[in-house]
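Just below is one structure, and these are the notes that go with it.
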Amino acid sequence: MNRRAFLALSSAAALAACTTGPAPSGGGGIGPDGRPLPRVYRIGMGQRAEIEYRMLDAVNALRQASGAPNLQLDGKLQAAAATHARDMSVQNRPWHFGSDGSSPVDRVQRVGYSGRLVGETISETYETELETLSAWMEEEPTRRVILDSSATEMGFAWFQEQSGKIWWCMVLGAAGMASTPGMQS
């Protein structure tokens, strides 16, 4: 990861630590290996907007460091991300195809998004949104989607199971650009 992107992500994480967010639960104590036991990140009912905007701010900080324009949240992309996050939980696997065989292109088309799909990033984890973003930035394919300079809008959603497992989904789009190839008008 380049130095500016690392500093931007570090700054975003530091800012997030200063906010009041959902308290981790479970875990605690020391495991047999002498390391702290993992803690489950529990997302409270009223924290949706807080988490969405914390992620948007962190993504925009990384994009600014790379010279890409800021993103805005888009309700249609949010809907596509939320649908897929829940569906990944139903399938119990993180992958880009829906249980009905739908692709990311199909899902943005279904919600009526008129721009071009730039990409989708997904994750199955017990980690926070910023830890998930950090992991996405460590992988070339997901980093490329997040920093794509043609993207102008973002949808970000999750589904948390009773066990605490979280299915994260981020969808990036380019408003005002021709619709995604393969999409029917």
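What follows is calculated from the coordinates using simple rules that are stated; it is not laboratory data. What you see is a predicted model, and the numbers here were worked out from it, not measured in a lab. Every residue, glycine among them, receives a Cβ derived from its backbone with ideal geometry; neighbour counts consider all protein chains shown.
Using equal-weight Cα scatterers in the Debye expression, the normalised intensity of the range 47-174 in log10 at q = 0.22 Å⁻¹ is -1.40. Here the range 136-165 is scanned for amide nitrogen atoms under 18 Å from the site 7 Å beyond the Cα of Asn92 along Cα-to-Cβ, giving 159-165.
Computed from the C-beta positions of Glu131 and Asn70 and an R0 of 30 Å, the FRET efficiency is 0.85 to the nearest 0.05.
What does the charge dipole of the range 47-174 about its Cα centre add up to, to the nearest 20 debye, if the Cβ of each Lys and Arg holds +1 and the Cβ of each Asp and Glu holds -1?
Details: 12 positive and 18 negative charges, 63 e Å.
That gives a dipole near 300 debye.
Restricting the chymotrypsin sites (Phe, Trp or Tyr not before Pro) of the range 116-157 to loop positions (DSSP other than H, G, I, E, B) with no more than 12 neighbouring Cβ atoms within 10 Å leaves nothing.
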